[in-house]
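Read the figures in this text as sums done on the coordinates, not as results from a lab. Worth saying up front: this structure is predicted, and the values here are computed from it rather than measured. Positions of Cβ are backbone-derived with ideal geometry, glycine not excepted, and every protein chain shown enters the neighbour counts.
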Amino acid sequence: MKKYSDDYLIEEIKKCAKRLGHSPRAKDFPHYSLASKRFGNWEAFLKAAGLSVYNRRQIKSVNSRYGLAKAAQDQALTLGHAPNSKEFKYAHIVYEFFTNWDEFIKFTGLKPKEQLMKNKKVYTQEELVAEVRVVEAQLGRIPKCSEVSYGVYVAVRKQYGGWKSFLYKEGFSEKAPTMNSNIHKGGEKV
């Protein structure tokens, strides 16, 4: 069995508190039993570490779908984007009310990649062609969609409906895109 010093335990509980965004509960700390024995009880250990004693009322304020949504919206204002499950301090409660993270974010009214959308460049058709021509010159061939920047790819999808449509319409490829290779011209499946 490893021997942990009191200083080590206090340092670890402080790291845990910082990661969670609140004083850890006993179940949040892997050395709970040892810390409780060394300091007399869990509350005494938290006080020795300079942390507030966990209070159920603090968490009850977000112990509902709407409380969680409000907390996520508040945190989004601070972060500048919708929090992900690692950034949100009440993520452990989210899964009691929602089946997945995307469902929760949708409920909050936030957009998961809101920050990307705010900073996204709007490309003209000429700029898109020029961007792809630069990559084509570097590669010595027509680039795949994964070989251009994400912003260019998103703009192509929005303006042309897809990568192959873009390549065909802008003269990169002579091959016209098809909707589904398993469908005949008459619309019947093969």
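Of note:
- Cβ-derived FRET efficiency at R0 41 Å, N84 paired with L34, nearest 0.05: 0.80
- Overall, the anisotropy analysis places region 6-54 in the rounded class: the square-rooted eigenvalues a ≥ b ≥ c of its C-alpha gyration tensor yield a/c less than 1.5.
- In a fully extended conformation the segment linking V134 and N100 would gain 8.2 nm over its present Cα-Cα distance, using 0.36 nm per residue.
- Computed from phi, the 3J(HN,Hα) profile of region 139-151 under the Karplus parametrisation 6.51, -1.76, 1.60 (θ = phi - 60°) reads 7, x, 7, 5, x, 7, 4, 6, 9, 9, 5, 4, x Hz, with x in place of Gly and Pro.
- S146/L77 FRET efficiency (R0 41 Å; Cβ-Cβ; nearest 0.05): 0.75
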